[in-house]
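J.: Right, I'll just put the structure down here and ask away after.
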Amino acid sequence: MLDSTGTPPTLSFQTSDGALAYVDQGSGPPLVFLHGGFVDHTMWDAQIPVFARTHRVIAPDARGHGASANATRPFRSADDLAALLRHLDAAPAILVGLSMGGGVAVDTVLEHPELVRAVVVSGSGTSEPVFEDPWTLDVSGAQQRALAAGDVEGWLAAFDRFTVGPRRTVDDVDPDVVRRLRAMALRTIAKHTADEPPHHVPVRHTWERAKDIRVPVFAINGAADSPDILRMAERLVTGVRAPGGRVKTVGGGHYPNMEDPDGFNAALTTFLNRLDAPEAPEALDAKGTQGARGAQGSGRARGSL
(Lines give C-alpha, C1' and ligand atoms only; values in the text may rest on other atoms or scores of the structure.)
Protein backbone atom coordinates (compact mmCIF):
# COMPACT_ATOMS: atom_id res chain seq x y z
CA MET A 1 0.00 0.00 0.00
CA LEU A 2 1.18 3.54 -0.84
CA ASP A 3 0.35 6.75 0.97
CA SER A 4 -1.27 9.75 -0.72
CA THR A 5 2.09 10.87 -2.14
CA GLY A 6 2.78 7.49 -3.75
CA THR A 7 5.47 6.67 -1.16
CA PRO A 8 5.45 3.36 0.75
CA PRO A 9 4.60 4.01 4.40
CA THR A 10 7.37 3.60 6.94
CA LEU A 11 6.52 0.83 9.38
CA SER A 12 8.02 0.04 12.77
CA PHE A 13 9.38 -3.13 14.36
CA GLN A 14 9.71 -2.89 18.13
CA THR A 15 12.83 -4.54 19.52
CA SER A 16 14.10 -4.79 23.09
CA ASP A 17 16.26 -1.74 22.36
CA GLY A 18 13.92 0.58 20.51
CA ALA A 19 12.09 0.53 17.20
CA LEU A 20 13.53 -0.23 13.77
CA ALA A 21 11.92 1.46 10.77
CA TYR A 22 11.33 -0.23 7.42
CA VAL A 23 9.15 -0.27 4.34
CA ASP A 24 7.43 -3.43 3.12
CA GLN A 25 6.00 -3.23 -0.38
CA GLY A 26 4.75 -5.69 -2.98
CA SER A 27 4.49 -9.47 -2.92
CA GLY A 28 6.52 -12.40 -4.11
CA PRO A 29 10.00 -13.63 -3.17
CA PRO A 30 11.49 -11.45 -0.39
CA LEU A 31 14.03 -8.91 -1.66
CA VAL A 32 15.75 -6.78 0.99
CA PHE A 33 17.58 -3.51 0.23
CA LEU A 34 20.22 -2.48 2.77
CA HIS A 35 21.50 1.10 2.65
CA GLY A 36 24.99 2.51 3.09
CA GLY A 37 26.50 4.11 6.16
CA PHE A 38 25.09 7.49 7.31
CA VAL A 39 22.21 7.36 4.80
CA ASP A 40 18.85 5.56 4.98
CA HIS A 41 16.40 3.42 3.01
CA THR A 42 15.32 6.33 0.78
CA MET A 43 18.54 5.90 -1.19
CA TRP A 44 16.63 3.01 -2.81
CA ASP A 45 13.73 5.16 -4.06
CA ALA A 46 14.54 4.26 -7.69
CA GLN A 47 14.50 0.53 -6.87
CA ILE A 48 11.66 -0.04 -4.39
CA PRO A 49 8.67 0.61 -6.72
CA VAL A 50 10.34 -1.16 -9.65
CA PHE A 51 11.09 -4.40 -7.85
CA ALA A 52 7.88 -4.36 -5.80
CA ARG A 53 6.12 -5.33 -9.04
CA THR A 54 7.65 -8.80 -8.83
CA HIS A 55 8.98 -9.17 -5.27
CA ARG A 56 8.14 -8.43 -1.69
CA VAL A 57 10.52 -5.52 -1.17
CA ILE A 58 11.70 -4.76 2.35
CA ALA A 59 13.98 -1.78 2.99
CA PRO A 60 14.95 -1.10 6.63
CA ASP A 61 16.73 1.80 8.24
CA ALA A 62 19.70 0.38 10.13
CA ARG A 63 19.83 1.04 13.86
CA GLY A 64 21.03 4.60 14.43
CA HIS A 65 20.12 5.66 10.88
CA GLY A 66 17.05 7.27 9.36
CA ALA A 67 13.92 6.71 11.45
CA SER A 68 15.34 3.79 13.45
CA ALA A 69 16.23 4.14 17.12
CA ASN A 70 19.77 4.68 18.29
CA ALA A 71 21.39 1.84 20.19
CA THR A 72 21.65 2.05 23.96
CA ARG A 73 23.60 -1.19 24.32
CA PRO A 74 25.78 -3.46 22.17
CA PHE A 75 24.20 -4.80 18.99
CA ARG A 76 25.04 -6.39 15.66
CA SER A 77 23.34 -5.18 12.48
CA ALA A 78 23.10 -8.75 11.17
CA ASP A 79 21.13 -9.75 14.27
CA ASP A 80 18.79 -6.78 13.83
CA LEU A 81 18.15 -7.82 10.24
CA ALA A 82 17.66 -11.45 11.21
CA ALA A 83 15.10 -10.44 13.85
CA LEU A 84 13.22 -8.32 11.30
CA LEU A 85 13.16 -11.10 8.69
CA ARG A 86 11.82 -13.56 11.26
CA HIS A 87 9.25 -11.04 12.48
CA LEU A 88 8.02 -10.51 8.92
CA ASP A 89 8.23 -14.20 7.98
CA ALA A 90 10.34 -13.05 5.03
CA ALA A 91 13.03 -15.69 4.74
CA PRO A 92 14.95 -16.91 2.93
CA ALA A 93 15.50 -13.48 1.38
CA ILE A 94 17.67 -12.07 -1.37
CA LEU A 95 19.83 -9.38 0.26
CA VAL A 96 20.98 -6.38 -1.77
CA GLY A 97 23.39 -4.18 0.16
CA LEU A 98 25.39 -1.10 -0.76
CA SER A 99 28.58 -0.15 1.11
CA MET A 100 27.79 -0.71 4.81
CA GLY A 101 24.66 -2.56 3.68
CA GLY A 102 26.77 -4.96 1.64
CA GLY A 103 28.75 -5.74 4.77
CA VAL A 104 25.51 -6.36 6.67
CA ALA A 105 24.33 -8.70 3.91
CA VAL A 106 27.54 -10.74 4.12
CA ASP A 107 27.46 -10.75 7.93
CA THR A 108 23.89 -12.02 7.83
CA VAL A 109 24.64 -14.93 5.50
CA LEU A 110 27.60 -15.83 7.72
CA GLU A 111 25.70 -15.61 11.01
CA HIS A 112 22.19 -16.59 9.88
CA PRO A 113 22.61 -18.62 6.65
CA GLU A 114 19.15 -20.14 6.83
CA LEU A 115 17.62 -16.68 6.30
CA VAL A 116 19.48 -15.85 3.07
CA ARG A 117 18.79 -17.05 -0.46
CA ALA A 118 21.34 -14.91 -2.32
CA VAL A 119 23.58 -11.88 -1.76
CA VAL A 120 24.12 -8.86 -4.00
CA VAL A 121 26.73 -6.31 -2.93
CA SER A 122 27.47 -2.89 -4.37
CA GLY A 123 30.50 -0.83 -3.47
CA SER A 124 31.66 -3.26 -0.81
CA GLY A 125 33.18 -6.61 0.05
CA THR A 126 32.62 -7.71 3.63
CA SER A 127 32.05 -5.65 6.78
CA GLU A 128 35.83 -5.52 7.29
CA PRO A 129 36.88 -3.21 4.45
CA VAL A 130 40.53 -3.25 3.43
CA PHE A 131 41.81 0.16 2.34
CA GLU A 132 45.22 0.38 0.65
CA ASP A 133 44.84 3.01 -2.07
CA PRO A 134 46.23 6.43 -1.01
CA TRP A 135 43.09 8.23 -2.19
CA THR A 136 40.80 6.00 -0.13
CA LEU A 137 43.02 6.26 2.92
CA ASP A 138 43.07 10.05 2.60
CA VAL A 139 39.29 10.37 2.33
CA SER A 140 38.65 7.89 5.13
CA GLY A 141 41.10 9.74 7.36
CA ALA A 142 39.47 13.08 6.56
CA GLN A 143 36.06 11.69 7.53
CA GLN A 144 37.32 10.34 10.83
CA ARG A 145 39.19 13.54 11.76
CA ALA A 146 36.19 15.71 10.92
CA LEU A 147 33.84 13.53 12.99
CA ALA A 148 36.19 13.60 15.95
CA ALA A 149 36.38 17.40 15.72
CA GLY A 150 32.63 17.88 15.26
CA ASP A 151 33.33 19.49 11.89
CA VAL A 152 30.13 18.69 9.98
CA GLU A 153 31.05 20.68 6.87
CA GLY A 154 34.46 19.03 6.72
CA TRP A 155 32.85 15.63 7.11
CA LEU A 156 30.33 16.38 4.34
CA ALA A 157 33.17 17.41 2.01
CA ALA A 158 34.86 14.05 2.59
CA PHE A 159 31.51 12.25 2.25
CA ASP A 160 31.06 13.93 -1.15
CA ARG A 161 34.48 12.70 -2.24
CA PHE A 162 33.50 9.10 -1.47
CA THR A 163 30.25 9.63 -3.37
CA VAL A 164 31.92 10.69 -6.62
CA GLY A 165 35.15 8.67 -6.50
CA PRO A 166 38.77 9.58 -7.22
CA ARG A 167 38.44 10.54 -10.90
CA ARG A 168 35.58 13.04 -10.66
CA THR A 169 34.42 16.08 -8.73
CA VAL A 170 31.03 16.83 -7.22
CA ASP A 171 30.29 19.01 -10.25
CA ASP A 172 30.37 15.85 -12.41
CA VAL A 173 27.43 14.30 -10.54
CA ASP A 174 23.72 15.04 -10.82
CA PRO A 175 23.11 17.79 -8.21
CA ASP A 176 19.92 16.08 -7.06
CA VAL A 177 21.83 12.92 -6.18
CA VAL A 178 24.37 14.94 -4.18
CA ARG A 179 21.59 16.91 -2.46
CA ARG A 180 19.64 13.78 -1.48
CA LEU A 181 22.71 12.01 -0.12
CA ARG A 182 23.76 15.04 1.92
CA ALA A 183 20.25 15.39 3.35
CA MET A 184 20.21 11.74 4.42
CA ALA A 185 23.67 12.01 5.95
CA LEU A 186 22.78 15.17 7.88
CA ARG A 187 19.63 13.55 9.26
CA THR A 188 21.67 10.63 10.54
CA ILE A 189 24.51 12.76 11.91
CA ALA A 190 21.95 14.85 13.80
CA LYS A 191 20.81 11.74 15.68
CA HIS A 192 24.19 11.27 17.33
CA THR A 193 26.61 13.05 19.65
CA ALA A 194 30.39 13.04 19.67
CA ASP A 195 30.54 11.35 23.09
CA GLU A 196 28.13 8.55 22.18
CA PRO A 197 29.53 5.10 23.05
CA PRO A 198 30.32 2.86 20.05
CA HIS A 199 27.67 0.19 20.61
CA HIS A 200 28.01 -1.59 17.29
CA VAL A 201 29.70 -4.98 17.63
CA PRO A 202 31.54 -6.13 14.49
CA VAL A 203 31.40 -9.61 13.03
CA ARG A 204 34.97 -10.88 12.85
CA HIS A 205 37.03 -12.94 10.39
CA THR A 206 34.57 -12.23 7.59
CA TRP A 207 37.04 -12.60 4.71
CA GLU A 208 38.20 -16.01 5.94
CA ARG A 209 34.63 -17.16 6.61
CA ALA A 210 33.25 -15.85 3.31
CA LYS A 211 34.77 -18.75 1.40
CA ASP A 212 32.12 -20.98 3.01
CA ILE A 213 29.18 -18.96 1.67
CA ARG A 214 27.05 -21.40 -0.32
CA VAL A 215 24.46 -19.07 -1.85
CA PRO A 216 24.87 -17.10 -5.10
CA VAL A 217 26.85 -13.87 -4.72
CA PHE A 218 26.74 -11.05 -7.27
CA ALA A 219 28.33 -7.58 -7.26
CA ILE A 220 27.15 -4.44 -9.04
CA ASN A 221 29.77 -1.69 -8.94
CA GLY A 222 29.89 1.90 -10.13
CA ALA A 223 32.69 2.34 -12.66
CA ALA A 224 33.90 5.54 -10.98
CA ASP A 225 34.18 4.08 -7.46
CA SER A 226 37.55 3.82 -5.73
CA PRO A 227 39.98 1.04 -6.71
CA ASP A 228 39.96 -0.45 -3.20
CA ILE A 229 36.21 -0.87 -3.26
CA LEU A 230 36.17 -2.39 -6.74
CA ARG A 231 38.87 -4.88 -5.70
CA MET A 232 36.96 -5.90 -2.58
CA ALA A 233 33.89 -6.87 -4.60
CA GLU A 234 36.01 -9.03 -6.89
CA ARG A 235 37.75 -10.63 -3.93
CA LEU A 236 34.41 -11.48 -2.34
CA VAL A 237 32.70 -13.06 -5.35
CA THR A 238 35.82 -15.03 -6.24
CA GLY A 239 36.37 -16.34 -2.74
CA VAL A 240 32.94 -17.80 -1.97
CA ARG A 241 32.32 -21.53 -2.21
CA ALA A 242 29.21 -21.10 -4.37
CA PRO A 243 30.21 -21.09 -8.07
CA GLY A 244 29.53 -18.42 -10.65
CA GLY A 245 30.28 -15.23 -8.72
CA ARG A 246 30.26 -12.22 -11.03
CA VAL A 247 30.91 -8.49 -10.98
CA LYS A 248 28.80 -6.20 -13.15
CA THR A 249 29.98 -2.64 -13.73
CA VAL A 250 27.45 0.13 -14.35
CA GLY A 251 27.65 3.91 -14.33
CA GLY A 252 28.24 6.16 -11.36
CA GLY A 253 30.49 6.13 -8.34
CA HIS A 254 29.77 4.82 -4.85
CA TYR A 255 25.98 5.01 -5.31
CA PRO A 256 25.38 3.56 -8.80
CA ASN A 257 21.75 2.75 -7.95
CA MET A 258 21.14 6.52 -7.66
CA GLU A 259 23.40 7.77 -10.46
CA ASP A 260 22.58 5.02 -12.98
CA PRO A 261 19.29 3.50 -11.80
CA ASP A 262 18.49 2.03 -15.22
CA GLY A 263 21.83 0.24 -15.42
CA PHE A 264 21.68 -0.91 -11.80
CA ASN A 265 18.08 -2.13 -12.09
CA ALA A 266 18.82 -3.97 -15.32
CA ALA A 267 21.80 -5.77 -13.77
CA LEU A 268 19.80 -6.73 -10.69
CA THR A 269 16.83 -7.84 -12.80
CA THR A 270 19.06 -10.14 -14.84
CA PHE A 271 20.41 -11.71 -11.67
CA LEU A 272 16.95 -12.17 -10.17
CA ASN A 273 15.49 -13.62 -13.37
CA ARG A 274 18.22 -16.22 -13.60
CA LEU A 275 18.44 -17.03 -9.91
CA ASP A 276 15.98 -19.88 -10.35
CA ALA A 277 16.98 -20.75 -13.91
CA PRO A 278 18.00 -24.37 -14.54
CA GLU A 279 21.30 -23.40 -16.16
CA ALA A 280 24.54 -23.23 -14.23
CA PRO A 281 25.30 -20.15 -12.08
CA GLU A 282 28.00 -19.18 -14.57
CA ALA A 283 25.20 -18.11 -16.92
CA LEU A 284 23.92 -15.41 -14.56
CA ASP A 285 24.94 -12.67 -16.97
CA ALA A 286 26.65 -13.96 -20.07
CA LYS A 287 26.64 -10.59 -21.85
CA GLY A 288 28.42 -7.61 -20.39
CA THR A 289 29.23 -9.14 -17.03
CA GLN A 290 32.82 -9.50 -16.00
CA GLY A 291 33.80 -12.58 -14.03
CA ALA A 292 36.10 -11.88 -11.15
CA ARG A 293 39.69 -12.97 -11.70
CA GLY A 294 41.19 -14.24 -8.50
CA ALA A 295 41.23 -13.03 -4.94
CA GLN A 296 42.86 -9.64 -4.67
CA GLY A 297 44.22 -7.53 -1.88
CA SER A 298 45.17 -8.60 1.60
CA GLY A 299 46.16 -5.16 2.85
CA ARG A 300 46.49 -4.10 6.44
CA ALA A 301 44.72 -0.74 6.63
CA ARG A 302 41.05 -0.97 7.50
CA GLY A 303 38.33 1.61 7.65
CA SER A 304 34.58 2.15 7.42
CA LEU A 305 32.53 3.37 4.50
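The values are calculated or read from the model by the stated rules, or taken from the named source; none is laboratory data. This structure is a prediction, so every number in the text was calculated from the model and none was measured. FYI the Cβ positions are ideal-geometry reconstructions off the backbone, even for glycines, and counts take in every protein chain you see. Accessible surface areas use protein heavy atoms only, side chains included; no ligands, DNA or RNA. Shrake-Rupley method; radii C 1.70, N 1.55, O 1.52, S 1.80 Å.
J.: Can you tell me which residue among Ala69, Ala62 is surrounded by 24 or more Cβ atoms within 10 Å (Cβ to Cβ), in contact with a strand residue (DSSP E or B) (Cβ under 8 Å, 6 or more places away or on another chain) and in a loop (DSSP other than H, G, I, E, B)?
T.: Details: Ala69 fails: surrounded by 24 or more Cβ atoms within 10 Å (Cβ to Cβ).
Going through Ala69, Ala62 in turn, just one is surrounded by 24 or more Cβ atoms within 10 Å (Cβ to Cβ), in contact with a strand residue (DSSP E or B) (Cβ under 8 Å, 6 or more places away or on another chain) and in a loop (DSSP other than H, G, I, E, B): Ala62.
J.: Then there's this: Which pairs turn up if I take residues in region 259-279 that are within 15 Å of His55 (Cα to Cα) and touching a residue at least 24 places away in the same chain (Cβ under 8 Å) and look for partners that are of a type in the set (S, T, N, Q) and part of a loop (DSSP other than H, G, I, E, B) with beta carbon separation below 7 Å, at least 6 apart in sequence or on another chain?
T.: Pairs that qualify, where the first residue is within 15 Å of His55 (Cα to Cα) and touching a residue at least 24 places away in the same chain (Cβ under 8 Å) and the partner is of a type in the set (S, T, N, Q) and part of a loop (DSSP other than H, G, I, E, B), are Asn265/Gln47.
J.: Look through region 117-140, keep the residues that are open to solvent by 10 Å² or more (accessible area, probe 1.4 Å) and within 18 Å of Phe33 (Cβ to Cβ), and return whichever of them is farthest from the chain's Cα centre (by Cα).
T.: The residue in question is Arg117.
J.: With the requirement that a residue be more than 15 Å from Ala105 (Cβ to Cβ) and open to solvent by less than 20 Å² (accessible area, probe 1.4 Å), what does region 25-42 give you?
T.: First pass over region 25-42, keeping only residues more than 15 Å from Ala105 (Cβ to Cβ): 25-29, 38-40, 42.
If the condition is that a residue be more than 15 Å from Ala105 (Cβ to Cβ) and open to solvent by less than 20 Å² (accessible area, probe 1.4 Å), then Val39, Asp40 are the ones that fit.
J.: A follow-up question, please. Would you please list the contacts, defined by Cβ atoms under 8 Å and residues six or more apart or on different chains, that run from a residue in region 43-65 that is modelled with pLDDT of 95 or more to a residue that is among the basic types (Lys, Arg)?
T.: Close Cβ pairs (under 8 Å, with a partner that is among the basic types (Lys, Arg)) amount to Met43/Arg180; Gly64/Lys191; His65/Lys191.
J.: Output yes when any residue across region 256-266 is under 23 Å from Trp135 (Cβ atoms), part of a loop (DSSP other than H, G, I, E, B) and modelled with pLDDT of 50 or more, and no when none is.
T.: Here is the first cut: in region 256-266, the residues under 23 Å from Trp135 (Cβ atoms) are 256-260.
From the residues that got through so far, the ones that are part of a loop (DSSP other than H, G, I, E, B) too are 260.
Still in the list and also modelled with pLDDT of 50 or more: 260.
Looking through region 256-266, at least one residue is under 23 Å from Trp135 (Cβ atoms), part of a loop (DSSP other than H, G, I, E, B) and modelled with pLDDT of 50 or more.
J.: Also, quick follow-up: Being closer than 19 Å to Asn257 by Cβ, touching a helix residue (DSSP H, G or I) at 6+ places or on another chain (Cβ under 7 Å) and modelled with pLDDT of 95 or more is the requirement here; does Val116 meet it? Quick ask: steps written out before the conclusion?
T.: On the way: closer than 19 Å to Asn257 by Cβ: no; touching a helix residue (DSSP H, G or I) at 6+ places or on another chain (Cβ under 7 Å): yes; modelled with pLDDT of 95 or more: yes.
So Val116 fails the test.
J.: Still on this model: Please name all residue pairs, on different chains or six or more residues apart, with Cβ atoms under 9 Å, provided the first residue is in region 140-153 and is in a helix (DSSP H, G or I) and the second residue is basic (Lys, Arg).
T.: Ala142/Arg161; Gln143/Arg161
J.: Still on this structure, I have one more. Examine region 191-200 for a residue that is of a type in the set (Gly, Ala, Ser) and either within 17 Å of the chain's Cα centre (by Cα) or open to solvent by less than 10 Å² (accessible area, probe 1.4 Å) (or both), and state whether such a residue exists. Lay out the reasoning, then the answer.
T.: Taking region 191-200 first, the residues of a type in the set (Gly, Ala, Ser) are 194.
Now drop any that are not either within 17 Å of the chain's Cα centre (by Cα) or open to solvent by less than 10 Å² (accessible area, probe 1.4 Å) (or both), which leaves none.
Within region 191-200, none of the residues are of a type in the set (Gly, Ala, Ser) and either within 17 Å of the chain's Cα centre (by Cα) or open to solvent by less than 10 Å² (accessible area, probe 1.4 Å) (or both).
J.: I'm checking my understanding of the structure. Among residues of region 89-116 that are open to solvent by 10 Å² or more (accessible area, probe 1.4 Å) and part of a loop (DSSP other than H, G, I, E, B), which one is farthest from Thr42 (Cα to Cα)?
T.: His112
J.: While we're here: Any residue in region 89-105 that's more than 13 Å from Ala78 (Cβ to Cβ): show its pairings with residues that are of a type in the set (Phe, Trp, Tyr) and not in a strand (DSSP E or B) at Cβ separation under 9 Å, as long as the two are six or more apart or on different chains.
T.: Hits for this filter: Ile94/Phe271; Val96/Trp44; Val96/Phe51; Leu98/Trp44; Leu98/Tyr255; Ser99/Phe162; Ser99/Tyr255.
J.: Filter region 219-245 down to the residues that are free of Cβ contacts under 8 Å to residues at least 60 places away in the same chain, more than 19 Å from Thr270 (Cα to Cα) and touching a Lys or Arg at 6+ places or on another chain (Cβ under 6 Å), then identify the one that is least open to solvent (accessible area, probe 1.4 Å).
T.: Gly239
J.: Within region 192-218, work out how many residues are outside any loop (DSSP other than H, G, I, E, B), touching a residue at least 12 places away in the same chain (Cβ under 8 Å) and over 26 Å from Ser68 (Cβ atoms). Give the steps one after another, and end with the answer.
T.: Taking region 192-218 and keeping what is outside any loop (DSSP other than H, G, I, E, B), we get 200, 206-210, 217-218.
Within this subset, residues satisfying the condition of being touching a residue at least 12 places away in the same chain (Cβ under 8 Å) are 200, 206-207, 209-210, 217-218.
Next, from what is left, pick out any that are over 26 Å from Ser68 (Cβ atoms): 207, 209-210, 217-218.
Number satisfying all stated conditions: 5.
J.: Let me ask something else about it. Run down Leu156, Leu186, Leu181 and say which single residue is out of contact with any Cys (no Cβ under 7 Å at 6 or more places or on another chain), in contact (Cβ under 8 Å) with a residue 24 or more places away in the chain, open to solvent by 40 Å² or more (accessible area, probe 1.4 Å) and part of a helix (DSSP H, G or I).
T.: On the way: Leu156 fails: open to solvent by 40 Å² or more (accessible area, probe 1.4 Å); Leu181 fails: open to solvent by 40 Å² or more (accessible area, probe 1.4 Å).
Sole residue among the options that is out of contact with any Cys (no Cβ under 7 Å at 6 or more places or on another chain), in contact (Cβ under 8 Å) with a residue 24 or more places away in the chain, open to solvent by 40 Å² or more (accessible area, probe 1.4 Å) and part of a helix (DSSP H, G or I): Leu186.
J.: Now, a different point. Exactly one condition in (1) more than 11 Å from the chain's Cα centre (by Cα); (2) within 27 Å of Asp260 (Cα to Cα) is not met by Val104; state its number.
T.: (1)
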